[in-house]
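The values are calculated or read from the model by the stated rules, or taken from the named source; none is laboratory data. As the structure is a computational prediction, the values presented were derived from the model and not from experiment. Cβ coordinates were reconstructed from backbone atoms using ideal geometry, including for glycine residues, and neighbour counts include every protein chain displayed.
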Amino acid sequence: MRNLSRGDRGKEVLDVQTRLRGQGFELGREGVDGFFGPGTEIAVWSFQQRRGLLADGLVGANTWRELVEAGYALGDRLLYLREPPFRGDDVLALQVKLNLLGFNAGAERGVHDEDVERAVLDFQRNAGLPLDGIIGESTLVKLEAVRKAESGREGKKIPERDGGYVQARSLTGQTVVIDPGHGGHDNGYVSAQGIAEKDVALILGLRLAELLRAEGCRVRLSRERDEHVPLYTRADAANAAGAAYFISLHCNADRSPAARGVACYFFQRSHYYSEHGRRLAEYIGARLASAEAPCLGSFGRNYGVLRETRSIAVLVEPLFLSNPKDEALATRPAHMETLARALVGGFADYLARLPQQTEPS
C-alpha cells in the first residue's frame, strides 16, 4: 500500500477512513468519502498517538498495519502458529491473558510466534484440553474462566523473559544489527540546506559498524549503501541473523528550528515495555548527551522495527536536522565520529552494568 497523506483520494483512503470510523474516531464533516481531508488527518494523528506510533498524520506501513490489526478482537478468528504469523489485537489480548496466568507467551507484541504456541500448549495441558495449539471456542472459554479466578492483576507489567541466563558483560562476541533509517527513494527528513536524513543515518551507521567490529562484535547492517529497504524487512533480517541487539539510526525534526536534543526509543505497547531496551536506550542517551546536545530522554514507542525484532532493540535520533546548529554538525566528519563513539560507549556501559542474573522465566 502506498503512503497516504492529506489531499489523497481513492479506495485506499476510503479503507483507512472505514477502519478509523470502526475504531470510534471522528472524521469531521468529510466522513467516509474517500478524500484525505483535515478531519481524516486529525483522526490519523489521534490513532497514532493512542497506538504509540510516530504521530505525523501520514498513513505509512507502520500505521496501516496497526489499523488492520486494531480491527481484530479475541475470538474473531481461529489463532494458531503459521507462516506468516497472525498479527493483531486479538493475539495481543491472548498474550496478556497467558502472561498474567504465568504462561510465558513472550514479549507482548501481538505476534503469534513460537513463544505464544508454547504458552498455549502449556495452558491446554494444565487445563485438560486437547493439545492442538489452536485458540478456538473451548480454549477461550476455559481461558476466560481461569482469568475470572485471577482477577485484580490487570495492567501489571510482566517481567521480560530471558531464561535466567547470565548476560555477557562486554562487547566482544555480541551480534548486532545496525539499521540506518530510510534509503533509496525514501529520503526521510531533508534539511533546509538539502541534507537528507538517509545520508546522515548511513554515514553514522557505517562508522558505528567499524567501531563495533573493532571491539569484537559480529555486525550486520540493514543497508550499506543508498538503497530502499522495506520497514519490516529490516526486522526480519535481524531475526534471521539471530541478532541479540538491534540499533536503528534516524534524525529528528520539528516545526520549530529551536528544537534540539537526543532522543532514544525502546519498544512499548500499552503497559508492556522492553526492560532491556529501556535500559540500553538510557545508557546510549547518557553518552550522547555529552556530544554537544541535551538528552531529551528515553521513550517507549510501538514503532515497527522495535516491535517486530526479537532482539533487544533501540531507535536513536542523535540530532535535529531542522535545527541549524545540528544541521551544520551533521556535515562534520568529526561530529559523526563523536556520535559513533558515544553510541559504542553507551552500549558498553549497558553491558558492563547488567545485573549478574536476569529475572528467571
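Could you figure out which of (1) closer than 22 Å to GLU292 by Cβ; (2) touching a residue at least 60 places away in the same chain (Cβ under 8 Å) isn't true of LEU202?
Every condition holds for LEU202 apart from (2).
For LEU343, state whether it is in contact with a Pro (Cβ under 7 Å, 6 or more places away or on another chain), in a helix (DSSP H, G or I) and touching a residue at least 24 places away in the same chain (Cβ under 8 Å). Full working, then the answer.
Working: in contact with a Pro (Cβ under 7 Å, 6 or more places away or on another chain): no; in a helix (DSSP H, G or I): yes; touching a residue at least 24 places away in the same chain (Cβ under 8 Å): yes.
So LEU343 fails the test.
Tally up the residues in the range 177-194 that are among the hydrophobic types (A, V, I, L, M, F, W, C) and either without any contact (Cβ under 8 Å) to a residue 60 or more places away in the chain or out of contact with any helix residue (DSSP H, G or I) (no Cβ under 6 Å at 6 or more places or on another chain) (or both), please. Talk me through it step by step, then tell me what you get.
Of all residues in the range 177-194, those among the hydrophobic types (A, V, I, L, M, F, W, C) come to 177-178, 190, 192.
Okay, now just the ones that are also either without any contact (Cβ under 8 Å) to a residue 60 or more places away in the chain or out of contact with any helix residue (DSSP H, G or I) (no Cβ under 6 Å at 6 or more places or on another chain) (or both), so 190, 192.
Total satisfying the criteria: 2.
Taking HIS182 as the residue in question, decide whether it is modelled with pLDDT of 95 or more and closer than 30 Å to ASP89 by Cβ.
Numbers: modelled with pLDDT of 95 or more: yes; closer than 30 Å to ASP89 by Cβ: yes.
In short, yes.
Filter the range 85-105 for residues that are surrounded by fewer than 21 Cβ atoms within 10 Å (Cβ to Cβ) and within 18 Å of ASP236 (Cα to Cα) and give the result.
Matches in the range 85-105: PRO85, ARG87.
Can you confirm whether ASN104 is at pLDDT below 95, part of a helix (DSSP H, G or I) and either in contact with a strand residue (DSSP E or B) (Cβ under 9 Å, 6 or more places away or on another chain) or not hydrophobic (A, V, I, L, M, F, W, C) (or both)? Before you say what the answer is, go through the steps one by one.
Working: at pLDDT below 95: yes; part of a helix (DSSP H, G or I): no; either in contact with a strand residue (DSSP E or B) (Cβ under 9 Å, 6 or more places away or on another chain) or not hydrophobic (A, V, I, L, M, F, W, C) (or both): yes.
Spelling it out, it is not the case that ASN104 is at pLDDT below 95, part of a helix (DSSP H, G or I) and either in contact with a strand residue (DSSP E or B) (Cβ under 9 Å, 6 or more places away or on another chain) or not hydrophobic (A, V, I, L, M, F, W, C) (or both).
Conditions tested, residue by residue: (1) touching a residue at least 24 places away in the same chain (Cβ under 8 Å); (2) out of contact with any Ser or Thr (no Cβ under 6 Å at 6 or more places or on another chain); (3) surrounded by fewer than 19 Cβ atoms within 10 Å (Cβ to Cβ); (4) on the phi > 0 side of the Ramachandran plot.
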{"position": "ARG255", "(1), (2), (3), (4)": "yes, yes, yes, no"}
{"position": "LEU288", "(1), (2), (3), (4)": "yes, yes, no, no"}
{"position": "ASN302", "(1), (2), (3), (4)": "yes, yes, no, no"}
{"position": "ARG307", "(1), (2), (3), (4)": "yes, yes, no, no"}
{"position": "VAL314", "(1), (2), (3), (4)": "yes, yes, no, no"}
{"position": "GLU327", "(1), (2), (3), (4)": "yes, no, no, no"}
{"position": "TYR350", "(1), (2), (3), (4)": "yes, yes, no, no"}
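So which of GLY52, GLY57, GLY88 ends up being free of Cβ contacts under 8 Å to residues at least 60 places away in the same chain, within 18 Å of THR309 (Cα to Cα) and in contact with a Lys or Arg (Cβ under 9 Å, 6 or more places away or on another chain)? Give the steps one after another, and end with the answer.
On the way: GLY52 fails: free of Cβ contacts under 8 Å to residues at least 60 places away in the same chain; GLY57 fails: within 18 Å of THR309 (Cα to Cα).
Result of the check over GLY52, GLY57, GLY88: GLY88.
Yes/no per residue for (1) buried (at least 24 other Cβ atoms within 10 Å of the Cβ); (2) closer than 17 Å to SER322 by Cα; (3) at pLDDT 95 or above:
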position	(1), (2), (3)
SER170	no, no, no
VAL176	yes, no, yes
SER191	no, yes, yes
ASP199	no, yes, yes
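For the range 215-243, give me each residue that is over 15 Å from the mean Cα position of the chain (by Cα) and small (Gly, Ala, Ser). Can you show your working first?
Here is the first cut: in the range 215-243, the residues over 15 Å from the mean Cα position of the chain (by Cα) are 215-229, 240-243.
Those that are over 15 Å from the mean Cα position of the chain (by Cα) and small (Gly, Ala, Ser): GLY216, SER222, ALA240, ALA241, GLY242, ALA243.
Table: residues versus (1) touching an Asp or Glu at 6+ places or on another chain (Cβ under 8 Å); (2) of a type in the set (Gly, Ala, Ser); (3) touching a residue at least 40 places away in the same chain (Cβ under 8 Å).
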position	(1), (2), (3)
GLY31	no, yes, no
PHE36	yes, no, no
SER46	no, yes, no
ASN62	no, no, yes
ALA73	yes, yes, no
LEU78	no, no, yes
ALA105	yes, yes, no
VAL111	yes, no, yes
ARG118	no, no, no
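Looking at ARG147, ARG82 in this structure, which one is modelled with pLDDT under 95 and surrounded by fewer than 20 Cβ atoms within 10 Å (Cβ to Cβ)?
Values: ARG82 fails: modelled with pLDDT under 95.
Only one candidate qualifies: ARG147.
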